[in-house]
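One structure below.
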Amino acid sequence: MIEVNGLVKSHGPLNVLRGVSLTVVRGEVAAIIGPSGGGKSTFLRCLNGLETFQGGSIVIDGLRLESDTPTPIRDRTLRRIRLEVGMVFQSFNLFPHRTVLANVTEGPVHVRGLGQDEAEDRAKRLLDRVGLADKLGAMPRQLSGGQQQRVAIARALAMEPQAILFDEPTSALDPRMTAEVLAVMTDLASDGLTMIVVTHAMQFARQVAHTIHVFGEGRVIESGPPSQIFEDPHQEATRMLLSEVQ
Ligand code: ADP
Ligand code: MG
């Protein structure tokens with residue numbers, strides 16, 4: 001479903017990604033852990049077509065992007081990739097002046113071309129699923145952080161993407177709100193959604209992820225099932241990282 005090979009990305013002189021390779025199969029939950037500044041957000045932004053890159057390739061659901069893909073083809077591929085890959089950010093990024101319902105119907109109506117009624121039916125079903133059926137008319141500022149993040153998840157799901165990327169979705173939340181959001185994500189995982197989750201929530205990574213990729217210094221330094229990463233890490237850097245966060 002997602003195959004990344006030798007991804008290289010720099011910001012000016014700073015080499016942020018120095019050859020990242022990883023594969024995510026359909027229905028897989030992949031967790032990415034790693035130190036701050038290790039290139040995790042940059043990696044997700046490359047996957048979602050929010051950043052260009054200087055080397056390597058990305059294939060998502062058969063859509064192929066290489067660093068030297070000619071601009072017109074790249075732009076068309078990027079548009080298709082953005083339709084297929086949803087993103088949930090640490091800071092929620094809801095439209096502040098729109099109701100909860102309008103936040104979730106906006107993309108399906110304006111990007112997918114769904115009728116308003118159909119989009120509202122879909123949005124109501126998804127908001128019910130994330131436990132917010134009673135907040136359809138609320139404005140984002142009237143919601144807690146955990147509620148806002150659940151709206152953001154419903155909004156991503158409403159586009160019916162092939163995969164959703166989560167960039168530290170609970171880092172701005174207190175423990176109770178974190179639990180609410182992780183419960184929703186666990187539900188999506190058990191439903192077979194393909195997910196890549198950058199997270200410091202190690203319990204979640206351990207219990208829900210199928211594969212954990214440890215980032216460091218712009219590379220994947222170790223990948224494996226949670227049992228290996230947590231109980232028998234092969235790399236010293238993984239051991240150090242886990243001793244810092246646990
Ligand atoms: P992480 O998400 O793992 O904390 P990031 O991908 O946000 O790491 O950042 C990796 C490195 O790239 C950091 O050193 C950061 O300062 C740098 N960086 C990120 N975005 C930019 C940018 N737009 N311009 C310059 N440097 C950037
Ligand atoms: Mg980050």
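The values are calculated or read from the model by the stated rules, or taken from the named source; none is laboratory data. Bear in mind that the values here come from a model prediction, so they are computed numbers and not experimental data. Glycine also receives a Cβ, built like all others from the backbone with ideal geometry; neighbour counts cover every protein chain displayed.
A compact table of results
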item	result
Residue within region 184-195 that is within 17 Å of residue 126 (Cβ to Cβ), out of contact with any strand residue (DSSP E or B) (no Cβ under 9 Å at 6 or more places or on another chain), of a type in the set (A, V, I, L, M) and at pLDDT 95 or above present	yes
Checklist (1) touching a residue at least 60 places away in the same chain (Cβ under 8 Å); (2) away from ligand 1 (no atom under 16 Å from the Cβ) applied to residue 76, failing item	(1)
Some residue of region 7-28 being crowded, with 22+ Cβ neighbours inside 10 Å, small (Gly, Ala, Ser), under 28 Å from residue 227 (Cα atoms) and more than 10 Å from ligand 1 (Cβ to nearest atom)	no
Residue that is farthest from residue 86 (Cα to Cα), among those in region 11-47 that are basic (Lys, Arg) and more than 10 Å from ligand 2 (Cβ to nearest atom)	18
Residue among 81, 153 that alone is touching a residue at least 40 places away in the same chain (Cβ under 8 Å) and either within 22 Å of residue 193 (Cα to Cα) or touching a helix residue (DSSP H, G or I) at 6+ places or on another chain (Cβ under 6 Å) (or both)	153
Subset of region 167-192 [within 16 Å of ligand 2 (Cβ to nearest atom) and crowded, with 18+ Cβ neighbours inside 10 Å]	167, 168, 169, 170, 173
Scan of region 107-149 for residues that are within 22 Å of residue 83 (Cβ to Cβ) and surrounded by fewer than 17 Cβ atoms within 10 Å (Cβ to Cβ), ordered by number	110, 111, 112, 113, 115, 116, 117, 118, 121, 125
So residue 224, is it modelled with pLDDT under 95, closer than 30 Å to residue 6 by Cβ and buried (at least 16 other Cβ atoms within 10 Å of the Cβ)	no
Options 200, 210; residue that is more than 22 Å from residue 81 (Cβ to Cβ), touching a strand residue (DSSP E or B) at 6+ places or on another chain (Cβ under 6 Å) and surrounded by fewer than 17 Cβ atoms within 10 Å (Cβ to Cβ)	210
Selection within region 71-97 - crowded, with 18+ Cβ neighbours inside 10 Å and hydroxyl-bearing (Ser, Thr, Tyr)	77
Residue under evaluation residue 238, criteria (1) polar (S, T, N, Q); (2) surrounded by fewer than 17 Cβ atoms within 10 Å (Cβ to Cβ); (3) in contact (Cβ under 8 Å) with a residue 12 or more places away in the chain, criterion not met	(2)
Test set (1) charged (D, E, K, R); (2) over 23 Å from residue 32 (Cα atoms); (3) touching a helix residue (DSSP H, G or I) at 6+ places or on another chain (Cβ under 9 Å); (4) outside any loop (DSSP other than H, G, I, E, B) - residue 121 fails condition number	(3)
The listed residue being within 11 Å of ligand 1 (Cβ to nearest atom) and of a type in the set (Gly, Ala, Ser), out of 56, 38	38
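Listed here are the residues, each with its yes/no results for (1) touching a residue at least 24 places away in the same chain (Cβ under 8 Å); (2) hydroxyl-bearing (Ser, Thr, Tyr).
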residue	(1), (2)
157	yes, no
163	yes, no
170	yes, yes
184	yes, no
200	yes, no
205	yes, no
224	no, no
